[in-house]
Each structure stands twice: as C-alpha cells, then as structure tokens.
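Written below as structure tokens is the structure these notes are about.
The values are calculated or read from the model by the stated rules, or taken from the named source; none is laboratory data. Being a predicted model, the structure only gives us computed values, none of them experimental. Quick reminder, even Gly has a Cβ in these numbers, built from the backbone with ideal geometry, and neighbours come from all protein chains shown. With ligands, DNA and RNA removed, areas are computed over all heavy atoms of the protein, side chains included. Shrake-Rupley method; radii C 1.70, N 1.55, O 1.52, S 1.80 Å.
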Amino acid sequence: MKVVGIIAEYNPFHRGHEYQIRYARESLGADYVIVAMSGDFVQRGAPALMPKHLRAEMALLGGADLVLELPVQVSTASAEGFAAGGVSLLDGLGIVDELCFGSECGDTEILMETARILVAEPPAYRDFLQKNLRAGMSFPLARSRALTSYVAKSAISDVSSGDGHFIFSEQMDSILSSPNNILGIEYCKALLRQNSSIRPHALLRKGSGYHDADLSDVSGDFFPSASGIRELLSAEKGAMDFSRFIPAAAFPVFSSALEKKCWLLETVLDLPLHYKLFLETEETLRQYPDLSDALIRRILKYRNQYESFSQFADLLKTRDITRSAICRGLVRIFLDLKEKAPGHIPYARVLGFRKDSAPLLGQIKKGTSIPMLTKAADASSILNKDGLGIFNQTCEASNLYEMLLCRKTGQPFVHEFQKPPRIIL
C-alpha cells in the first residue's frame, strides 16, 4: 500500500487540485491519497469561501480518499506554522509515504537543499542575514538576499574543491519570491525538523499563478487559481459559468452551494471585527503571539479609521508588514486565538472519506500514534488535555463561521457537534 499526503485549503477545490490528486495516483503510484485540509478559516487570513465539510466532499468527489481537518490554530498560522502542523498531522498517521505539493519551480532537490540551509543556519548564512536586517531590510527580503549570498559563496568553495553546487545564486530570488515555492520550502523544513520518514515531492504548478485573477484561458491544460475564482464570485456579475474551473464530479456540490448562497467572503467580518477591535487594549493585543509591536501600535492608532476588514488591512500595511500577515493577525483577533500554532497535532479529525477506502482506515488504526476522531461529540472521551483544548477552539471557530453563514443564508444553525463526516459511496 502506497499512500501520498497532500496539505491543502481547497478554497475552493478546482481543476488544478484534481490534477494534483490524479498525478499522485498515476505518476507517484499512490493507492490512496490523504488530504490534510484547512477548516473554516484559511491561511491567507479570511473565512473559507465555503464550509469545510462541503469542501471535503468536493475533494472526495475529485479523487481523494480521506480528508482530515487542520486545527484552526494551524490553518490561520504563518507559512511555517501551517506547514509544520500539516506535516505533523500526516506524519502522526504512521502510513504516509510521500508528501506531494505544488511549486512554481517543480524541483524537489532545490527546495530541499534550501530547507537544509534554513534549518541548519550555517554561521556564514546567519552573518549575511544579520547584516541585511541591520541595513533595514524586511525579514523576507533579508532572508532571500542572505541565501543568495550564502549560495554564491558556497558555490565558489565547491567549485574550488571540485564538488560543484546545484543551486545557482541567481535562482534564489526567484525561488523565494514565489508563494508555492516558499510553502514548499516550509514543508521540507518541517519534514527535516520532525525527522519524518515522509518523502517530499514538488509538482510543477500549471496554469494561473497563485494570485492570478485572469481566468480567460479555457484550454484543456489551463488550471485556474483559487483567488481568481473567489474574485470572480465576489464580483457578482450575474450568472457565471464556473463549470470551466471546477471538476465535473464536484461541480454539482459547488453549484448547489452557489444556489443556496452558501459561501462567505471576508466582508462578513467587517462589523464583528470592528466591535472586537474596540474591546482590545495594548495589554490584550500583546497576548496574541503573532502580532508584532509595530502592528499593535498601528492597530491602536488607526482603529478609529476602520471602515471594513479589507480597508483596515490596507491601512495597516507597511513595507515591513505584509498584508497577508496583517489579515492573519486580524482573523486571529476575531477568533480570540492567543496560542501559537501547535508544532504537534495530537489527533486526526475526519471530515470525510470514501467508503471504499476502508483498508486505508484499517491500516491507519494499526500504525497511527494519534487518535482518530470521526464523531466530534466523542472528543472529550478520546483526546488528552492538549488535544481537547486545540479541538475545542477549532469547534468554536467553526461555530462562529456557521453563525455568519446562517446570517447570510437564513438557514437554521447547526452546531459543530451535529455535523457528521461526509461519506462518499
């Protein structure tokens, strides 16, 4: 039995995601594909477009065998925390052989070698990094330049010794300026730090770029970006044909959600976040571990100018504070998440599975080092104290999401404990 893992958000699940699952089966020889997926709030700092159980169902219809939930502390963390949590969850199952992830370069060895440098932090690299930070560079830029300088220096040393070096310094800026490459490096770092036996495999990303909103290409090889689909949906230009972007097997679920208006944009946070910010003080804001002193000062300084979630994020942005980091910080304030993302995920919450994947579930039960949770109400009797704390916060976040969704659709509220996993026959 060969098992390939994928860490994803599926926000929403589209043809590129279906291609990745198919690639895992056809090119990597996977008998089963397990997905560790963000829940109702996602890493870019926003509510998920559609509820997690619905997205899990789309993934199963698109070829996945088992979908597990990343806790909210992980799904709203930085790239490093997101990757570490995802790897921990998959590694804890004791059955995953490879981790397949998309990247702009598609070169596993380059990403893994870069990760080794960042994990080891050789003295020469640290010297370059500190020099760049003292020069006033933002951390991402300082790190990129430090790696470029370190690789160039290493390449000279290797050439003089006759060993050679497969990373070229001119590649580094390009690698570290691409979102999926950055996340891929974080996956590799997590695998190294956790001493995982899971092997990384970078899949060359096709079609739209991560932030590309242009969905005009309708060719068979074109894969849309999730951000492009969300932007198209937010434009609300009447009836739109999304069937070009969503896999045929999953499209009925997506289409039904659109008809019921069962989707959310970050605008739903406009009013509740404004209220939450006025409850905060400098002392309480310092309890959120991912908020820098500079960002705390800006939140307090400008909150009287708050108009909307998006407008406030733009207002807070500076050269040294990225918009995505700001959005994650604001969402974590809204959700009252005052703990760092856990490096170890002590349970596996099942969002859905295919009925014919019973052999996979049987093997997991034999090899897993963490309990499997298929019924939310059983959490208190199955999980330890740390696991229960993580799980309860995740349920609270999902209940807030459900509240916002019900406010929009008019449908009755369904508590998280009343939502069973999706089972595909």
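Laid out as a table, the results:
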{"item": "Cβ pairs under 6 Å, 6+ apart, first in the range 101-121 and touching a residue at least 60 places away in the same chain (Cβ under 8 Å), second of a type in the set (G, A, S) and surrounded by fewer than 19 Cβ atoms within 10 Å (Cβ to Cβ)", "result": "E104/S178"}
{"item": "Members of the range 332-367 that are under 23 Å from L291 (Cβ atoms) and not in a loop (DSSP other than H, G, I, E, B)", "result": "R332, I333, F334, L335"}
{"item": "Selected residue (only one of S78, S27 is without any contact (Cβ under 8 Å) to a residue 60 or more places away in the chain and either at positive phi or not acidic (D, E) (or both))", "result": "S27"}
{"item": "Any pair with Cβ under 6 angstrom, 6 or more apart, that starts in the range 170-184 at a residue that is small (G, A, S) and ends at one that is modelled with pLDDT under 75 and assigned to a helix (DSSP H, G or I)", "result": "none"}
{"item": "From the options D91, D127, residue that is of a type in the set (D, E), part of a helix (DSSP H, G or I) and either in contact (Cβ under 8 Å) with a residue 60 or more places away in the chain or crowded, with 19+ Cβ neighbours inside 10 Å (or both)", "result": "D91"}
{"item": "Some residue of the range 36-50 being at pLDDT 95 or above, over 18 Å from the mean Cα position of the chain (by Cα) and on the phi < 0 side of the Ramachandran plot", "result": "no"}
{"item": "Checklist (1) acidic (D, E); (2) modelled with pLDDT under 95; (3) in contact with a Gly (Cβ under 8 Å, 6 or more places away or on another chain) applied to D107, failing item", "result": "(3)"}
{"item": "Evaluation of L28 against (1) open to solvent by 10 Å² or more (accessible area, probe 1.4 Å); (2) farther than 22 Å from I423 by Cα; (3) not in a loop (DSSP other than H, G, I, E, B) (one fails), failing number", "result": "(3)"}
{"item": "Filter result (surrounded by 24 or more Cβ atoms within 10 Å (Cβ to Cβ) and in a helix (DSSP H, G or I)) within the range 31-53", "result": "K52"}
{"item": "Candidate set: the range 291-324, residues that are small (G, A, S) and closer than 20 Å to D270 by Cβ; chosen: the one least open to solvent (accessible area, probe 1.4 Å)", "result": "A313"}
{"item": "Within the range 184-213, considering residues that are at pLDDT 90 or above and in a loop (DSSP other than H, G, I, E, B), the one most open to solvent (accessible area, probe 1.4 Å)", "result": "N195"}
{"item": "Lone qualifier among M50, M1, M37 - being within 29 Å of A313 (Cα to Cα) and touching a strand residue (DSSP E or B) at 6+ places or on another chain (Cβ under 8 Å)", "result": "M37"}
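Matching residues to (1) outside any helix (DSSP H, G or I); (2) under 25 Å from H201 (Cα atoms); (3) open to solvent by 30 Å² or more (accessible area, probe 1.4 Å); (4) β-branched (V, I, T):
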| position | (1), (2), (3), (4) |
| --- | --- |
| L99 | yes, yes, no, no |
| V119 | no, yes, yes, yes |
| A146 | no, no, no, no |
| A152 | no, no, yes, no |
